[in-house]
Amino acid sequence: MIKYTYIIAIILFNLKSTAQFGSQQLITTEANLPVRVVCGDINGDGNMDVALAARSLATPYNLAWLENTNGNGDFGSINLIGTMSETYRINLADLDNDGDLDVIGATVFLDIISWYENLDGLGNFSPRNIISNTADGAHDAIGADIDNDGDMDVVSASNNSGLAWYENLDGQGNFSAPKIINNIIDSSRSVVAVDMDGDGDMDILGNARQPAQIFWMENMDGQGTFGTMHIVLEMGFYANTVFAADVDGDNDMDIFSATPYINEVAWYENLDGLGNFGSKNIITNTLSKPYAVYVADLDNDGDNDVLATSVDPFGGEVVWFENLDGLGSFSTKNSIDSNLVFPRDVYAADIDNDGDLDVFIADQNANKIAWYENYTILSVEENQINSLTVYPNPTKGLIYINPKTKTIISIGVFDLLGKKVLQLEGNIQRIDISTLQSGMYFLRIATDAGSFVQKIIKE
């Protein structure tokens, strides 16, 4: 057996790190009125590809994807997944347990929630499989294991029929009839599946218009029986998008919202990890008509920052707000691009395999899917550069760390989207990542001499 041993110089990350973004790089203009962009490895080559949803009847590319041809963010021609006009959402999930990413779609005027099988793991998709045609005004659909049976179920949000979920009956993508989560709310257009109360199952975060609410629904038994509706905010104004992420470093899920009618992006603290939320924390109330919000670590400093889009008719914009202290105190806006038309959606992923998160937008009225390269700048004092011994890399599971003269305090393992997948406390010198999926991860090692980061490949 071949053994890998690398002595790797690890550069100290500190709070002076910042993210700067390059100019717009066009991916495609062939999808007419694009409203959604997401990323994932669709063809199994180890690179992040791009998938989109578009509204217009004038294009066959209502659901489509583009290959990241070289892992550097150069894209091939557009590939058709499915044709359904007024498709507002596309999301990726492995619905048939064959190890590749399938596609979920939501089509508003046809009331359809559908999925498309990735037939060969290379991005050749099946015809449409209808999950439901009674999701009245279907706006969003996501994959999540609602009943803890190890396969991906589907959750939908609809204008007129609220929130529902569909059980994956056999793990192969045969779904049940709709199971109601909440059908008394109006204009539910954004849905997130997340463990809000720390009990190990997926709860549901959603929005509503009348009354204007942000709320979450508790998965009472881990089997998809939903009970109490927990109101986070009766806000008086409709929050167009909701998102969940840990922004204050306490390892529970906080909530974010974008509310165009009051020019506001805000967050709400999960006070106790049980889903009891504090009052609204305003990130900005001067961003003209914020439409979408996305949360990720953009500057590689170990905490989550906030992306948002503005759909002002006199000039759309994509911006980000830096988490200044890791506790949810945010900077003023940093503009990435102020020359957009109507950026309906924003997303972050490492498209060029350089270890930081790039930004993607769907600019509806300009018919553009585009991305911006993240040129992360690290402020490093030369006398603070140290080395650690980290081996083997690549690894099949076990990683050994020799801290030399330093004492390890904690180790975090992050995936390419900046999500923490493992946290270890104490003077750890061996990590087991055998349960993680193959791919690229980052170790963030806190020691008594500072914090260090290292890219790791899990085979």
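The values are calculated or read from the model by the stated rules, or taken from the named source; none is laboratory data. Being a predicted model, the structure only gives us computed values, none of them experimental. Backbone-built Cβ (ideal geometry, glycine too); neighbour counts: all protein chains shown. Protein only, heavy atoms only, side chains kept; ligands, DNA and RNA dropped before computing areas. Shrake-Rupley method; radii C 1.70, N 1.55, O 1.52, S 1.80 Å.
Can you pull out every residue in the stretch 275-293 that is closer than 15 Å to F256 by Cβ and open to solvent by 30 Å² or more (accessible area, probe 1.4 Å)?
F277, S279, K280, N281, I282, N285, Y291
Exactly one condition in (1) outside any strand (DSSP E or B); (2) more than 26 Å from Y291 (Cα to Cα); (3) modelled with pLDDT of 95 or more is not met by S77; state its number.
(1)
Quickly run through the stretch 300-343 and pick out the residues that are farther than 20 Å from D248 by Cα and part of a loop (DSSP other than H, G, I, E, B).
V311, D312, P313, F314, G315, V341, F342, listed by residue number.
Restricting attention to the stretch 348-363, does a residue exist that is in a strand (DSSP E or B), charged (D, E, K, R) and surrounded by 24 or more Cβ atoms within 10 Å (Cβ to Cβ)?
So the first thing to find is which residues in the stretch 348-363 are in a strand (DSSP E or B), and the list is 348-349, 358-363.
Checking which are charged (D, E, K, R) leaves us with 358, 363.
Checking which are surrounded by 24 or more Cβ atoms within 10 Å (Cβ to Cβ) leaves us with 358, 363.
Yes, the stretch 348-363 contains at least one residue that is in a strand (DSSP E or B), charged (D, E, K, R) and surrounded by 24 or more Cβ atoms within 10 Å (Cβ to Cβ).
Looking only at the stretch 426-452, filter to residues that are part of a strand (DSSP E or B) and modelled with pLDDT of 90 or more; which one of those is least open to solvent (accessible area, probe 1.4 Å)?
Just the residues of the stretch 426-452 that are part of a strand (DSSP E or B), to begin with: 430-432, 439-447, 450-452.
Adding the requirement that they be modelled with pLDDT of 90 or more leaves 430-432.
On the way: R430: 138, I431: 1, D432: 84 Å².
Once the filter is applied, the top-ranked residue is I431.
What strands (runs of 3 or more DSSP E) lie completely within the stretch 84-186 and have 2 or more residues being under 28 Å from I214 (Cα atoms), out of contact with any Cys (no Cβ under 6 Å at 6 or more places or on another chain) and hydroxyl-bearing (S, T, Y)? Walk me through how you get there before you give the answer.
On the way: elements: 87-93, 102-107, 112-116, 129-132, 138-144, 153-158, 162-166, 179-182.
Here the list reads 87-93, 153-158.
Conditions (1) open to solvent by less than 10 Å² (accessible area, probe 1.4 Å); (2) free of Cβ contacts under 8 Å to residues at least 40 places away in the same chain; (3) in the same structural domain as D151 (by the TED database), marked per residue:
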position: N70; (1), (2), (3): no, yes, yes
position: G73; (1), (2), (3): yes, no, yes
position: G76; (1), (2), (3): no, yes, yes
position: I81; (1), (2), (3): no, no, yes
position: E86; (1), (2), (3): no, yes, yes
position: L92; (1), (2), (3): no, no, yes
position: D98; (1), (2), (3): no, yes, yes
position: G105; (1), (2), (3): yes, no, yes
position: L110; (1), (2), (3): no, yes, yes
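Given the condition closer than 30 Å to T309 by Cβ, under 22 Å from the mean Cα position of the chain (by Cα), touching a residue at least 60 places away in the same chain (Cβ under 8 Å) and assigned by the TED database to the domain that holds L324, answer yes or no: does some residue in the stretch 253-266 qualify?
yes
Residues being out of contact with any strand residue (DSSP E or B) (no Cβ under 7 Å at 6 or more places or on another chain) and either on the phi > 0 side of the Ramachandran plot or of a type in the set (A, V, I, L, M) (or both): count how many of those fall in the stretch 176-207. Break it down into steps so the answer makes sense when it comes.
If we filter the stretch 176-207 for residues that are out of contact with any strand residue (DSSP E or B) (no Cβ under 7 Å at 6 or more places or on another chain), which is where we start, we get 177, 198-200.
Still in the running and either on the phi > 0 side of the Ramachandran plot or of a type in the set (A, V, I, L, M) (or both): 177, 198, 200.
Of the residues in the stretch 176-207, 3 are out of contact with any strand residue (DSSP E or B) (no Cβ under 7 Å at 6 or more places or on another chain) and either on the phi > 0 side of the Ramachandran plot or of a type in the set (A, V, I, L, M) (or both).
Restricting the first residue to the stretch 28-41 and requiring it to be closer than 30 Å to S438 by Cα and not assigned by the TED database to the domain that holds F360, which pairs with a second residue that is basic (K, R) and part of a loop (DSSP other than H, G, I, E, B) meet a Cβ separation below 6 Å and a spacing of at least six or different chains?
Listed by first residue and then by second, the contacts come to nothing, as the list is empty.
Can you confirm whether G302 is within 19 Å of the chain's Cα centre (by Cα) and open to solvent by 30 Å² or more (accessible area, probe 1.4 Å)? Let's see the steps before the verdict.
Values: within 19 Å of the chain's Cα centre (by Cα): yes; open to solvent by 30 Å² or more (accessible area, probe 1.4 Å): yes.
So G302 passes the test.
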